[in-house]
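Worksheet: the structure to be examined is printed underneath.
The values are calculated or read from the model by the stated rules, or taken from the named source; none is laboratory data. Because the structure is predicted, anything quoted here is derived from the model rather than measured. Note that each Cβ is placed from the backbone with ideal geometry, even for glycine, and that neighbours are counted across all protein chains shown. Note: areas computed on protein heavy atoms with side chains; ligands, DNA, RNA excluded. Shrake-Rupley method; radii C 1.70, N 1.55, O 1.52, S 1.80 Å.
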Amino acid sequence: MFRNQYDTDCVTWSPAGRIHQIEYAMEAVKQGSAAVGLKSKKYVVLATLKRAASELSAYQRKVFKIDDHMGIAISGLTADGRVLSRYMRRECINHSFVYDSPLSVGRLVLQVADKAQVCTQRSWKRPYGVGLLVGGYDKTGPHLYYNCPSGNYYEYKAHAMGARSQAAKTYLERKFETFDDATLEELIKHALFSLKESCTDGELNSKNCSVSVVGLDTPFDILEGDTLKPHIDALDAEDAGAMETDTAPAAPAADAPTDEAAPPEAEEPPAAMES
Amino acid sequence: MIPAPQKHSYALGPGVVAPAMHPEYGRAIQELNNVNYPKAGGQPFVVDAGHGVGGPHQHTQYPYVTGTSVLALKYKDGIMVACDTLGSYGSTKRYKSMERMKPVGKFTLIGASGEYSDFHYIMKLLDELTTDDYCHDDGQNLTPTEIYNYLTRVMYNRRNKFDPLWNSLVVGGFHNGESFLGTVGMVGTCYTDSHVATGFGAHLARPLFREKQYDDMSEDEARALLEDGLRVCYYRDKNSINKFQIAKVTAEGSTISEPYALITEWGYEAFVNPAAAAVGTW
């Protein structure tokens, strides 16, 4: 049997200069269902595809409110995501207690990244298996960050992560130049369109996806179920109109590498739940 | 103020208790091998006698070197703060050139009355915060309101430890086109207003401010009013001297003036026999 000698912990380098445990953690992010984020000059929108563990179960929540000015979408191990969201909430609430002002998004993302980095340099720890899209609005404007298990973090105009996210990224790359001046409605529409590219089975509906918004004079809010339905309906209406002129991109070809990683349907439940 | 008649050596001053005067001391010397005990004879002494003899540190719970009132008000271009430069040792006018106003970051200024070393400690905390901001290098700095709120938390937290920072602080600033003025007391009491004053100033200068201060007043008017306040404080507060600094924070940042004296007039009739009009005094 072929066995990798250099992947048992994250303090062992491979001779090729890689740390396999960290790469495995980043792989966990790719196996979670897709999440996209994008921003204009005033707003940040996060949208996620939710999975249900079984036919009988509810859809797993993937968006968490951190504070009135900030929220996250997660992809990967939900349990790890919850731990990080609790940490972020605590930091925010402590900051507003001490300074009576909201915590800067960039500063918090840096703290989370530092926290994740520590896990990549201790033999007795494991990296977090979750990627975070952090959307927030502070006195320097709207921000969208991606936090990676490796301890890296990046600021984006628009980003997608999770299973088949390449398709959503392709959509975002094609459209992002129009985002700056887009209205909140247009931003939500773009978020849903891009999410649709990553949708594996069936259609987007108000149950299997959720959208969150935050921005200027707009406290963080999650649109789900009935509040999301009008946006989905508008999307379907527009889609029907657009079909005649605009052909949808060949999604299966674009996301081939990530698709491979996506678990086949109706698998036995994995030990660590991904969403 | 200086602790009320705790027995202390007249030669050594308050807080430094000669062993003979401390009931616990003789016993402690025998029980502990006290490092302060001079091996080659001579008179032993302890600083902060309570500590190490079965009690916690006490010397932080009374002020030693103190400053008196700080006065501040808003005006057209920002805020203006003033105080004298005296550091009193009890009622001794011990240090006459102490700066009791310090800038914090770009837009904020702190004025402190009360224990001077506690003020140093507070400034150390604030300097750590501004250094931290600088190191983040993201262009974000603490605003006056944030500093004010931070200080209320620090003061109240220390009060809860029964080890208060013995200060009344004035926090003033100008940021994003808005003036900010607030005050924080020793136990975390705090408020913001268009004019504030600590200590005696709250009783002697604020009545004048209430009458004459308005937010659109010119710099000259504000300075004149502040000097009136300082003058009244100097007339009636024995722990003050005629050597003042005035600081301002405007859109350009903060500036603190060199110390200067005010012209005073002691010929008023009310000064001749002050007790005459005050029933119950002597």
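Rundown of residues vs (1) touching a helix residue (DSSP H, G or I) at 6+ places or on another chain (Cβ under 6 Å); (2) farther than 20 Å from residue B:249 by Cα; (3) β-branched (Val, Ile, Thr), yes/no style:
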| position | (1), (2), (3) |
| --- | --- |
| B:86 | no, yes, no |
| B:89 | no, yes, no |
| B:94 | no, yes, no |
| B:99 | no, no, no |
| B:112 | yes, no, no |
| B:131 | no, yes, yes |
| B:135 | no, yes, no |
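Kindly evaluate residue A:64 against the criterion of being within 25 Å of residue A:43 (Cα to Cα) and in contact with a Lys or Arg (Cβ under 8 Å, 6 or more places away or on another chain).
Taking the combined requirement at face value, the residue satisfies it.
For segment B:88-113, which residues satisfy the criterion of being over 19 Å from residue B:181 (Cα atoms) and in contact with a Ser or Thr (Cβ under 7 Å, 6 or more places away or on another chain)?
Hits for segment B:88-113 are B:88, B:94, B:96, B:97, B:98, B:99.
Can we say residue A:73 is more than 14 Å from chain B (Cβ to nearest Cβ), modelled with pLDDT of 95 or more and touching a Cys at 6+ places or on another chain (Cβ under 8 Å)?
No.
Inside segment B:133-147, can you point out the residues that are facing chain A (nearest Cβ under 8 Å), in contact (Cβ under 8 Å) with a residue 12 or more places away in the chain and open to solvent by less than 60 Å² (accessible area, probe 1.4 Å)?
B:142, B:143
Has segment A:53-73 got at least one residue that is within 14 Å of the chain's Cα centre (by Cα), surrounded by 15 or more Cβ atoms within 10 Å (Cβ to Cβ), within 26 Å of residue A:190 (Cβ to Cβ) and small (Gly, Ala, Ser)?
yes
Just need a number here: residues in segment A:1-35 that are among the small types (Gly, Ala, Ser) and in a loop (DSSP other than H, G, I, E, B).
Result for segment A:1-35: 6.
Any residue at all in segment B:116-128 that's within 13 Å of chain A (Cβ to nearest Cβ), within 26 Å of residue A:94 (Cβ to Cβ), outside any loop (DSSP other than H, G, I, E, B) and modelled with pLDDT of 95 or more?
Step one: filter segment B:116-128 for residues within 13 Å of chain A (Cβ to nearest Cβ), giving B:125-126.
Next, only the ones that are within 26 Å of residue A:94 (Cβ to Cβ) stay: B:125-126.
Filter once more, keeping what is outside any loop (DSSP other than H, G, I, E, B): B:125-126.
Subset that is modelled with pLDDT of 95 or more: B:125-126.
Looking through segment B:116-128, at least one residue is within 13 Å of chain A (Cβ to nearest Cβ), within 26 Å of residue A:94 (Cβ to Cβ), outside any loop (DSSP other than H, G, I, E, B) and modelled with pLDDT of 95 or more.
Looking at this structure, is residue B:177 out of contact with any strand residue (DSSP E or B) (no Cβ under 6 Å at 6 or more places or on another chain) and either in contact (Cβ under 8 Å) with a residue 40 or more places away in the chain or under 25 Å from residue B:250 (Cβ atoms) (or both)?
For residue B:177, the condition - out of contact with any strand residue (DSSP E or B) (no Cβ under 6 Å at 6 or more places or on another chain) and either in contact (Cβ under 8 Å) with a residue 40 or more places away in the chain or under 25 Å from residue B:250 (Cβ atoms) (or both) - is met.
Mind listing whichever residues of segment A:219-239 are surrounded by 14 or more Cβ atoms within 10 Å (Cβ to Cβ) and hydrophobic (A, V, I, L, M, F, W, C)?
Passing the criteria: A:220, A:222, A:223, A:228, A:232, A:234, A:235.
Within segment B:148-158, take every residue that is within 11 Å of chain A (Cβ to nearest Cβ) and of a type in the set (A, V, I, L, M) and give me the one that is nearest to residue B:98 (Cα to Cα).
This residue is B:151.
Could you grab me the full set of residues in segment B:181-203 that are surrounded by fewer than 22 Cβ atoms within 10 Å (Cβ to Cβ) and either over 20 Å from residue B:67 (Cα atoms) or touching a Phe, Trp or Tyr at 6+ places or on another chain (Cβ under 8 Å) (or both)?
So in segment B:181-203, the residues surrounded by fewer than 22 Cβ atoms within 10 Å (Cβ to Cβ) come out as B:185-194, B:200, B:202-203.
Scanning segment B:181-203 gives B:186, B:187, B:188, B:190, B:191, B:192, B:193, B:194.
Can you find a residue that is farther than 22 Å from residue A:223 by Cβ, within 14 Å of chain B (Cβ to nearest Cβ) and either buried (at least 19 other Cβ atoms within 10 Å of the Cβ) or of a type outside the set (D, E, K, R) (or both) anywhere in segment A:149-165?
Scanning segment A:149-165 turns up at least one residue that is farther than 22 Å from residue A:223 by Cβ, within 14 Å of chain B (Cβ to nearest Cβ) and either buried (at least 19 other Cβ atoms within 10 Å of the Cβ) or of a type outside the set (D, E, K, R) (or both).
Restricting the search to segment A:168-183, which residues are among the small types (Gly, Ala, Ser) and either over 13 Å from residue A:35 (Cβ atoms) or at pLDDT below 95 (or both)?
Once the filter is applied, which keeps residues that are among the small types (Gly, Ala, Ser) and either over 13 Å from residue A:35 (Cβ atoms) or at pLDDT below 95 (or both), segment A:168-183 yields only A:182.
Just to be sure I understand, how many residues within segment A:87-142 are in a helix (DSSP H, G or I) and either within 12 Å of another protein chain (Cβ to nearest Cβ) or under 26 Å from residue B:147 (Cβ atoms) (or both)?
So the answer is 22.
Select, from A:38, A:84, the only residue that is within 20 Å of the chain's Cα centre (by Cα), buried (at least 24 other Cβ atoms within 10 Å of the Cβ) and of a type outside the set (Val, Ile, Thr). Can you show your working first?
Numbers: A:84 fails: buried (at least 24 other Cβ atoms within 10 Å of the Cβ).
It is A:38.
Which one of the conditions (1) under 23 Å from residue B:87 (Cα atoms); (2) open to solvent by less than 20 Å² (accessible area, probe 1.4 Å) does residue B:225 fail to meet, given that it meets all the rest?
Unmet for residue B:225, out of (1) under 23 Å from residue B:87 (Cα atoms); (2) open to solvent by less than 20 Å² (accessible area, probe 1.4 Å): (1).
Out of all the residues in segment A:98-148, which are open to solvent by 60 Å² or more (accessible area, probe 1.4 Å) and within 18 Å of residue A:23 (Cβ to Cβ)?
Matches in segment A:98-148: A:117, A:121, A:122, A:123, A:125, A:126.
For the condition part of a loop (DSSP other than H, G, I, E, B), more than 24 Å from residue B:107 (Cβ to Cβ) and among the acidic types (Asp, Glu), what is the one hit in B:227, B:211, B:258, B:265?
Numbers: B:227 fails: part of a loop (DSSP other than H, G, I, E, B); B:211 fails: part of a loop (DSSP other than H, G, I, E, B); B:258 fails: more than 24 Å from residue B:107 (Cβ to Cβ).
Unique residue meeting the criteria: B:265.
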